[in-house]
Amino acid sequence: MQDLFTDTPLRQRRFCGIVALGLARWLAVLAMLCILCAQQAQSAEAADAHILFINSYHPGYSWSDGIEEGFRERLNVSGKKIELSIEYLDSRRFPYGAQTEPLAQAMEAKYTNYRPSLIVVSDNAAFDFVIQHRTRLFAELPIVFCGYNNFRPDVIQHISDITGINEEIAIEDTVAMALKVHPQTRTLAFIVSTGEASSKRIGEVAEESVFPKLRERFDVVVMKDASVAQIRQRLAGLPKETVLFLSGQATDQGAGRALTPAENGRLITAISPFPAYTFWDFHLKEGVIGGHIITGPEQGRTAADLALRVLDGTSVNDIPVIMTTPTRDIFDYRVMERFGVRPADLPAGAHIIHQPFSLWDSYRWQIIGIVTLLIAETVLIGLLLQIARDRRRALTALAQERAQLEHRVAERTKELQQANTKMALLSITDGLTGLANRRHFDEVLESEYARLRYSGLPLSLIILDVDYFKLFNDTYGHVSGDDCLRRIAAVLTSLVHCTPNLAARYGGEELAIILPETELQAATVLAERIRSGIEQQAIPHKASCVSHYVTVSLGVITVVPTALSVAAEAVKLADAQLYQAKANGRNRVVALDARPHQGG
């Protein structure tokens, strides 16, 4: 080894090469270990939940794509790791009934051993599919639905663990909005259909509750299950004061499948000489002028909010179905121009798509703000010049005023301090007796209770009640009753004056005394002195059943706070002794040593 360092430079270079190669190998091994650890950590981050999303339609269908978009958006910002599986029923393009069993078999094969935490369904076909196959495929799994057309609570009357959001178009609201935009309207034309369950339900609701009301004021034309050609022919015969509403589909078919709603909307608006209103966002950009729009993304976001609540532990049975469907007034500027509708004709807050850029419309408030700022700046400069002149005059007056103000502040501060002292005393004093009030009694009791828990010293309480005080008031009047309480309070004040002892009016004719660090014998002696002192006042009480004068009954208790959970228990024990004194004939003291291993 010595030769490697001392022989030739060649040997030294060989040695350095060997060292470098070995170091490179170790670094490679270390890198691989880091990669493996990262993969293990990543695999350890299991998903918080697995959601199965069943879509009634197919990818590329704008309505359900919007629901998925809103659903994913809300999940992504939730902070949860959620694995999302999506199944498509494709019920819009192909007959739903014929596909049910193959779809069920496919999902059974997929999810029997890969159970989701929650089922989310969009639109009626997926709802019906899940309910039909729930026992077989999704037993005991909570369900959240969205996009369910014209939902009614009786649909899930006997179904548990299910909630969702209703999708119900507001036909009357949309008609009312259209009439404000087109006040000359005399004829209302509706396209309805029964080829698909949700469209059929919409038509039934409209025929039952909407069209009869509208027929009272307008000519209502209903084109039910009509082809595009039939719709063209029917529209051609209507007056120019007509507005069209797309609440269903034409019966035309595509190549081996049904037309999508967007395709239907495009075909119908192309042949319509009248402004066409819609209720769904999938008709926007297809030639409709606008409407009171239900949007897929909002349905998806709301469904995701409900799903997250379930995943957070809220029982799905405690989450009511959201019946009010979120909508937004949306209009297409290009179609508005075609029919001579101005933005000013639209309802307040309406959103306009395809509106061309306008400096004023785009920066209206900025322009107004700048102009306002320039005007304000000019006014401000003038004001500042005036203020500068006034300031010089004001400074002199301010110095004089400051001296006077400081004097007034000093006087006022003194008055406030006196008032605060008085208020503080009033806040803890009973206005009638001059004793501490109930609030101060509770505060002192809690404070002494906490202090004595640490020291282990005893706490004694006395509670006294004026015997037959109600009869006293009935006999002599409340004015005399108040005077009686004041004279009794004076007795307590003369006997209970050492800190931290406290005499208080507990309530009505009940008075209480807190005696920290006082044994039962001393407390009992004090109670007897109080009883005797009140009796010696010789306050007449001809209605009393125990004496011709006012007497009191007293309950005495001695406890160790460490043996009680709360201070209120001591009050209850003292109150029990008071009631025992009354039961024993009144005008007496009953005492109890409630400390552990102590007798009464």
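The values are calculated or read from the model by the stated rules, or taken from the named source; none is laboratory data. This is a predicted model, so every value here is computed, not measured. Reconstructed Cβ throughout: ideal geometry from the backbone, glycine too, with neighbour counts over all protein chains shown. Ligands, DNA and RNA are stripped out before the accessible areas are found, and what is left, the full protein with its side chains, is counted by its heavy atoms. Shrake-Rupley method; radii C 1.70, N 1.55, O 1.52, S 1.80 Å.
Summary table
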{"item": "Residue within segment 212-223 that is in contact with a Leu (Cβ under 7 Å, 6 or more places away or on another chain), of a type in the set (V, I, T) and open to solvent by 20 Å² or more (accessible area, probe 1.4 Å) present", "result": "yes"}
{"item": "Residue count, segment 470-498 (criterion: touching a residue at least 40 places away in the same chain (Cβ under 8 Å) and under 29 Å from A594 (Cα atoms))", "result": "5"}
{"item": "Residues satisfying the stated conditions in segment 181-198, i.e. charged (D, E, K, R) and surrounded by fewer than 20 Cβ atoms within 10 Å (Cβ to Cβ)", "result": "R186"}
{"item": "Candidates A307, A403 - the one that is more than 27 Å from P275 (Cβ to Cβ), over 34 Å from the mean Cα position of the chain (by Cα) and assigned to a helix (DSSP H, G or I)", "result": "A403"}
{"item": "From the options L445, L452, L457, residue that is at pLDDT 90 or above, hydrophobic (A, V, I, L, M, F, W, C) and outside any helix (DSSP H, G or I)", "result": "L457"}
{"item": "Pairs with Cβ under 9 Å, 6+ apart, first in segment 55-66 and free of Cβ contacts under 8 Å to residues at least 40 places away in the same chain and closer than 11 Å to Y88 by Cβ, second open to solvent by 10 Å² or more (accessible area, probe 1.4 Å) and assigned to a helix (DSSP H, G or I)", "result": "P59/D65; P59/E68"}
{"item": "Residue check for L384: under 50 Å from the mean Cα position of the chain (by Cα), in a helix (DSSP H, G or I) and not assigned by TED's automatic domain parsing to the domain that holds P183", "result": "yes"}
{"item": "Sole exception among (1) at positive phi; (2) in contact (Cβ under 8 Å) with a residue 40 or more places away in the chain for I353, by number", "result": "(1)"}
{"item": "Single residue of Y111, Y148 found to be open to solvent by less than 70 Å² (accessible area, probe 1.4 Å) and more than 18 Å from H50 (Cβ to Cβ)", "result": "Y148"}
{"item": "Matching residues in segment 225-235 - criterion: being open to solvent by 30 Å² or more (accessible area, probe 1.4 Å) and touching a helix residue (DSSP H, G or I) at 6+ places or on another chain (Cβ under 7 Å)", "result": "R232"}
{"item": "Residues of segment 231-254 satisfying the condition of being without any contact (Cβ under 8 Å) to a residue 12 or more places away in the chain and farther than 25 Å from L284 by Cβ", "result": "Q233, G237"}
{"item": "Whichever residue in segment 521-554 is in a strand (DSSP E or B) and of a type in the set (S, T, Y) and, among such residues, is nearest to I463 (Cα to Cα)", "result": "S553"}
{"item": "Residue list for segment 236-255, restricted to those being buried (at least 20 other Cβ atoms within 10 Å of the Cβ) and within 15 Å of A226 (Cα to Cα)", "result": "L244, F245, L246, S247, G248, Q249, A250"}
{"item": "Helices (runs of 4 or more DSSP H) within segment 117-209 that include 2 or more residues among the β-branched types (V, I, T)", "result": "123-132, 171-181, 197-205"}
{"item": "Qualifying residues in segment 499-520 (those that are of a type in the set (G, A, S) and outside any loop (DSSP other than H, G, I, E, B)) - the one most open to solvent (accessible area, probe 1.4 Å)", "result": "G507"}
{"item": "In segment 402-424, the residues that are open to solvent by less than 80 Å² (accessible area, probe 1.4 Å) and more than 30 Å from A436 (Cα to Cα)", "result": "A403, V409, A410"}
{"item": "Extreme residue, modelled with the highest pLDDT, among residues of segment 559-600 that are in contact with a helix residue (DSSP H, G or I) (Cβ under 7 Å, 6 or more places away or on another chain) and part of a helix (DSSP H, G or I)", "result": "P561"}
{"item": "Flag if R439 is among the basic types (K, R), surrounded by 15 or more Cβ atoms within 10 Å (Cβ to Cβ) and assigned to a helix (DSSP H, G or I)", "result": "no"}
{"item": "Hey, Y454 assigned by TED's automatic domain parsing to the domain that holds A574, under 14 Å from L554 (Cα atoms) and open to solvent by 20 Å² or more (accessible area, probe 1.4 Å) or not", "result": "no"}
{"item": "Matching residues in segment 264-288 - criterion: being part of a helix (DSSP H, G or I) and in contact with a Lys or Arg (Cβ under 6 Å, 6 or more places away or on another chain)", "result": "I271"}
{"item": "Where a residue in segment 315-326 is in contact (Cβ under 8 Å) with a residue 40 or more places away in the chain and under 15 Å from E298 (Cβ atoms) and its partner, wherever it lies, is of a type in the set (S, T, Y) and open to solvent by less than 90 Å² (accessible area, probe 1.4 Å), with Cβ under 8 Å and at least six apart", "result": "I322/T302"}
{"item": "Yes/no for V525 being aliphatic (A, V, I, L, M) and either in contact with a His (Cβ under 7 Å, 6 or more places away or on another chain) or open to solvent by 70 Å² or more (accessible area, probe 1.4 Å) (or both)", "result": "yes"}
{"item": "Cβ-Cβ under 6 Å pairs, at least 6 apart or on other chains, segment 256-280 side open to solvent by less than 30 Å² (accessible area, probe 1.4 Å), far side among the small types (G, A, S) and part of a helix (DSSP H, G or I)", "result": "A262/S62; Y277/A178"}
{"item": "R201, sole failed condition from (1) open to solvent by 10 Å² or more (accessible area, probe 1.4 Å); (2) modelled with pLDDT of 90 or more", "result": "(2)"}
{"item": "Selection within segment 541-571 - open to solvent by 10 Å² or more (accessible area, probe 1.4 Å), in contact (Cβ under 8 Å) with a residue 24 or more places away in the chain and touching a strand residue (DSSP E or B) at 6+ places or on another chain (Cβ under 8 Å)", "result": "V560, V571"}
{"item": "Helices (runs of 4 or more DSSP H) enclosed by segment 1-94 - at least 1 residues per element that are at pLDDT 90 or above", "result": "62-76"}
{"item": "Residues being in contact with a helix residue (DSSP H, G or I) (Cβ under 6 Å, 6 or more places away or on another chain) and among the hydroxyl-bearing types (S, T, Y) - total across segment 273-306", "result": "2"}
{"item": "Those residues of segment 319-348 which are under 23 Å from the mean Cα position of the chain (by Cα) and farther than 22 Å from E286 by Cβ, in sequence order", "result": "I319, P320, V321, I322, M323, T324"}
